[in-house]
Amino acid sequence: MHFERKNIPAPQLLHMYKSILLPRMIEEKMLVLLRQGKISKWFSGIGQEAISVGATLAMRPDEWIMPLHRNLGVFTSRQMPLHKLFMQWQGSKDGYSKGRERSFHFGSKEHRICGMISHLGPQLAIADGVALAHKLKKEDKVSLAFTGDGGTSEGDFHEALNTAAVWDLPVIFIIENNGYGLSTPVNEQYRCASLIDKARGYGMEGVKIDGNNIIEVYDTVRGVRDYCIQNQKPYLIECMTFRMRGHEEASGIKYVPKELFTRWELDDPIKNFELFLILQQVITVETANEIKEEIKHYIEEELKIGSGTAAMVVDTADEMNDVYAKTLRPEASDVRPETSIVSNDLVAVAVPGFATKPAGRFPSPQHSTNPKTSAVLSAEGHQTSYIRHHTSDLRYIDAIKHALHQSMKQHSHLILMGQDIAEYGGAFKITEGFVEEFGKERVRNTPLCESAIVGAALGLSLEGYKSVMEMQFADFVTVGFNQIVNNLAKIHYRWGQNADVVIRMPAGGGMGAGPFHSQSNEAWFVHTPGLKVVYPSTAEDAKGLLIAAINDPNPVMYFEHKGLYRSVSGQVSEEYYEIEIGKARLVQAGSDISIITYGAAVYWATEYASKHPDISIEITDLRSLLPLDYDAIKATVEKTGKILLLHEDCLTGGIGAEISAWINEHCFEHLDAPVLRCASLDTPIPFNTELEKNFMASARLGETVERLLAY
Ligand SMILES: Cc1ncc(C[n+]2csc(CCOP(=O)(O)OP(=O)(O)O)c2C)c(N)n1
C-alpha cells in the first residue's frame with residue numbers, strides 16, 4: 001500500500017493514528033464481551049476503519065454525518081464518551097437511546113450524527129435535507145452519508161443522489177465497497193464496471209479510492225468537501241475495502257473465499273499506516289506500543305464506568321412520553337373564561353358563522369352562526385391575545401391555502417416541497433402564486449421521488465427547519481412509506497430527535513378516479529406510534545388544523561379530502577389560529593343514536609340526519625385520528641348508548657374497528673346496542689361511478705342506522 005504524506009504535519013498524523021487505533025481496539029474488546037454474552041450483537045468494521053475515521057476527521061465537527069452499522073470510527077472520531085457508547089451497546093437506559101435501539105442505530109444531535117434505521121438507504125436522503133438547509137442558510141457546510149455496495153441497489157440510493165444532483169446540494173456520498181452485501185458478492189449486486197460509473201448518470205462527479213488508506217480517504221474527503229461547498233454540488237466517493245469479519249458476528253464467513261482474507265490482510269489499514277508513520281519518523285515502535293497501552297487502559301477504564309450502570313427499570317410512562325416531542329401549547333390558565341381557544345371547543349354550536357352553500361355531492365352541515373372569539377398565536381405558538389374574528393367565506397381548499405400562506409409568513413424557516421407545486425401551483429392549485437411570493441427556494445418542485453423528499457424533510461428538521469410536503473395524491477404515499485413510518489415516526493422515541501414535518505395527503509374517492517387516486521389510507525398511519533393524523537371536514541378546521549400541524553414539532557399526516565375541496569365552504573377566521581390536534585367536534589347534538597365519523601363522511605351523516613328529522617342523531621366529527629379524542633367518544637356513548645362508526649375507508653382494520661374495541665372496553669355499561677360500523681367495501685376502489693357508489697360506506701348508511709335503531 002502506498003501512502004503520500006500530503007504535507008500533513010506530524011501531530012495531525014499522530015492524531016490520525018490514535019483515531020484509527022481506537023475503533024479497532026474497541027472492537028477487539030467487544031468481540032471478547034460478545035463471547036462472554038455481555039453484548040448481544042455486533043457488526044464489525046474491522047478492516048474498514050480508514051474510511052469512517054478518515055472521512056470524519058476531514059469534516060468539521062458541526063457538520064452532520066449519516067453513518068451505518070460498520071462506522072464505529074465515526075462515533076469515536078466525533079469523540080463520543082466511550083462509557084456512554086458501551087452503555088448504548090449493552091442496551092442500558094443510560095445509553096444514547098435509553099436502551100431502545102441496537103448498537104449503531106442511534107444518533108446524537110450534539111455530535112451531529114444522525115442515527116440509521118435498519119433499512120440502510122434512508123440515511124442518504126436525510127443528508128440531502130441537511131445539505132439543503134446549509135444551502136438555504138448560505139453556510140459553507142456539507143453533509144456526508146455512507147452506504148455499502150449492497151445499499152446502492154436500493155431505490156433510496158437512486159432517489160437521494162438524483163435529488164442532490166438536481167437541487168445542487170453539497171452532499172458527500174461515500175460508498176464503502178467491501179465486496180459483499182451480507183453474503184451477496186458484488187457481481188450479483190450490480191452490472192456496471194464500477195459503482196462510480198453511476199455518478200455520471202446523475203450528473204455529478206465521482207472518484208474511486210483506496211478505502212484502506214486513511215491519508216487517501218482524509219485527503220479526498222477534504223478536497224471533495226471544498227468542491228461541494230464551492231460548486232454547491234454533490235459528489236460520490238467509492239472507497240474500495242474489505243470486511244475482515246462476517247456480516248455480523250453470528251453469520252460466519254463461509255461464503256467468502258479464504259484467499260481474499262489473505263490478500264486483504266496485507267492491506268490492513270492500521271498496520272500499513274503504522275509502518276508508514278514509523279518510516280516517516282512520526283512514531284517509533286516503542287511510542288506505538290505506548291499509545292496502544294494508553295488506549296487499552298482508556299478502554300478498560302471507560303468500560304468500568306459503562307458497565308456499572310443500574311439494571312433497567314422499566315417505566316411505561318417514560319416510554320409513552322418519549323414517543324412525541326413536546327408541543328408548545330397555551331396554558332389552560334391563560335384562557336379567559338368567556339373565551340375559548342378554537343381548539344378546545346366542543347359544544348353543539350361549535351363552528352362559527354358556517355355558511356351553508358349549495359354543495360355538489362357533499363352538502364354542508366347546518367350550523368348555527370355563533371360569532372366568537374379565539375386565541376391568536378404568536379410566532380412561537382404562544383397565545384398572545386384574544387380578538388373577535390373577522391371571517392370570510394372560504395371553500396375548504398381555500399382554507400388550506402390560507403393556512404399554508406399564513407404559515408409561510410409566520411415561519412421564515414418553513415419549506416414547501418412537492419411535485420409540481422411551484423410555477424404550476426400543484427395538482428389542485430393549492431400553492432398557486434406561492435413561488436412568486438416566497439421564491440423557489442422555499443416553494444420547491446421535487447423530482448418524482450416521494451421517499452427522498454420525506455427523507456430530505458427529516459434532514460431539514462435536523463437543521464431546525466419546518467417543512468410541508470405535498471403528496472400529489474395520498475395514494476402515492478406508499479413509495480415514501482418507509483421514511484414516514486420508520487424514520488419520521490420513530491426518531492424521537494429512538495434518540496430524541498424530532499421530525500418537524502407535515503405531509504399533506506389529498507385523499508378520498510367519489511370522483512370516479514379509480515383504485516390509485518381515491519384511497520382512504522389514514523388507518524395505515526394511525527397504527528404507527530410517533531405520527532399524528534388529522535382529517536378535517538370543514539373549512540374552518542382545515543385551516544386551524546393545518547396551522548396546528550405545522551406548529552407541531554412532530555410528524556403530522558394531514559388528510560384533506562379532494563371531494564371537499566370545492567364542494568364545502570364556511571366562514572373562516574382571517575386570523576392565524578389553531579384547532580387543537582386531538583380534539584373532536586360535536587357537529588350536532590342528538591339523543592337516539594350517535595354517529596362518530598370524520599372527513600367526507602361527516603356530510604353523509606349530516607345529510608342523512610337532515611332527511612330523517614324524526615331520528616335524533618348526535619354526530620361527532622373526530623377531526624384527529626391520532627390521537628383520538630376519547631373524552632368526546634365517551635361523552636356521546638354515555639348520551640345515546642347507540643353508536644354507529646362511519647368512515648369512507650374499508651371496513652377491515654379501519655379506524656371504526658379501533659374505536660369499537662375501545663368503546664367495548666371502556667363504555668360497555670353505557671351501551672344499549674352493539675357498536676355498529678358502516679364502512680366502505682373490503683375491495684379496491686372501482687373506477688366506474690356506479691361501482692364506486694356501491695363501494696362507498698354511504699350506500700349502506702341507511703340500513704345500518706335502521707339496524708341500530710332496532711335494538
Ligand atoms: C431494506 C433492507 N433489506 C435487507 C436488509 C438486511 N441487510 C442488512 S445489512 C445487509 C447487507 C448490506 O450490504 P452493504 O450495503 O454492502 O453493506 P455492508 O454490510 O457490506 O457494510 C442486508 C441485506 C436490511 N437491513 N434492509
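Summary of values
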| item | result |
| --- | --- |
| For the chain, Kirkwood radius (reciprocal of mean inverse C-alpha pair distance, Å) | 27.6 |
| Lysines with Cα under 17 Å of residue 693, excluding same-chain neighbours fewer than 8 positions away | 562 |
| Share, in percent, of DSSP beta bridges within the chain that are antiparallel, nearest 5 | 25 |
| Accessible-area composition of the stretch 52-171, carbon plus sulfur, in percent [1.4 Å probe] | 47 |
| Greater than 30 Å apart at Cα, pairs in 401/583; 18/109; 6/254 | 6/254 |
| Dimensions in Å of the stretch 1-114 - Rg and Dmax from alpha carbons | 14.6, 45 |
| Protein-only accessible surface order, largest first, of 41, 326 at 1.4 Å | 326, 41 |
| Carbon + sulfur, % of accessible area of the stretch 194-252 - ligands and nucleic acids excluded, 1.4 Å | 42 |
| Simple spin-label estimate for residue 10 and residue 168 in nanometres, 7 Å along Cα-Cβ | 4.6 |
| Extension gain (nm, one decimal) between residue 271 and residue 297, 0.36 nm per residue minus Cα-Cα | 7.3 nm |
| 110, 441, 290, reordered so the largest accessible area comes first (probe 1.4 Å) | 110, 290, 441 |
| Rounded to the nearest 10 Å², the accessible area of residue 583 at probe 1.4 Å | 60 |
| Exposure of residue 316 as accessible area (Å², to 10), given a probe of 1.4 Å and all protein chains | 90 |
| Directionally averaged projected area (convex hull, Cα atoms, the stretch 186-299), nm² | 10.7 |
| Accessible surface ranking that places the most exposed of 139, 540 first, with a 1.4 angstrom probe | 139, 540 |
| In degrees, nearest ten, helix 450-462 long axis to first principal axis of the chain (Cα) | 80 |
| Over the stretch 2-66, relative contact order from alpha-carbon pairs under 8 Å, at least 6 apart, % | 32 |
| Lysine pair number, Cα distance threshold 22 Å (strictly under), the stretch 408-542, separation 8 or more or different chains | 9 |
| Spatial separation of Cα centroids for the stretch 185-204 and the stretch 231-280, in angstrom | 20 |
| For the stretch 174-285, share of DSSP beta bridges that run antiparallel, in % to the nearest 5 | 15 |
| Restraint check, 93/233; 41/326; 98/634; 93/296, Cα-Cα greater than 29 Å | 93/233; 41/326; 98/634 |
| Within straight-line cross-link reach of residue 198, aspartates and glutamates at Cα separation under 20 Å, skipping those fewer than 8 residues along the same chain | 128, 149, 154, 156, 159, 168, 176, 188, 210, 238 |
| Of all accessible heavy-atom area on the stretch 429-537, the percent that carbon and sulfur account for (1.4 Å) | 59 |
| Tilt relative to the chain, helix 10-35 - C-alpha long axis, 0 to 90 degrees, to 10 | 70 |
| Residue 668 accessible area, 1.4 Å probe, all protein chains in place, Å² to nearest 10 | 140 |
| Cα centroid separation, the stretch 80-105 to the stretch 435-514 (Å) | 30 |
| Surface accessible to a 1.4 Å probe, per residue, for the residues of the chain, Å² | 38 |
| Spatial separation of Cα centroids for the stretch 656-711 and the stretch 565-632, in angstrom | 16 |
| Global geometry of the stretch 469-584, whether rounded, prolate or oblate, following the gyration tensor of its Cα atoms and the 1.5 cut on a/c | oblate |
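The values are calculated or read from the model by the stated rules, or taken from the named source; none is laboratory data. Quick caveat, the model's predicted, so the values are computed rather than measured. Cβ coordinates were reconstructed from backbone atoms using ideal geometry, including for glycine residues, and neighbour counts include every protein chain displayed. Quick note on the areas: whole protein, heavy atoms, side chains included, nothing else; ligands and nucleic acids left out. Shrake-Rupley method; radii C 1.70, N 1.55, O 1.52, S 1.80 Å.
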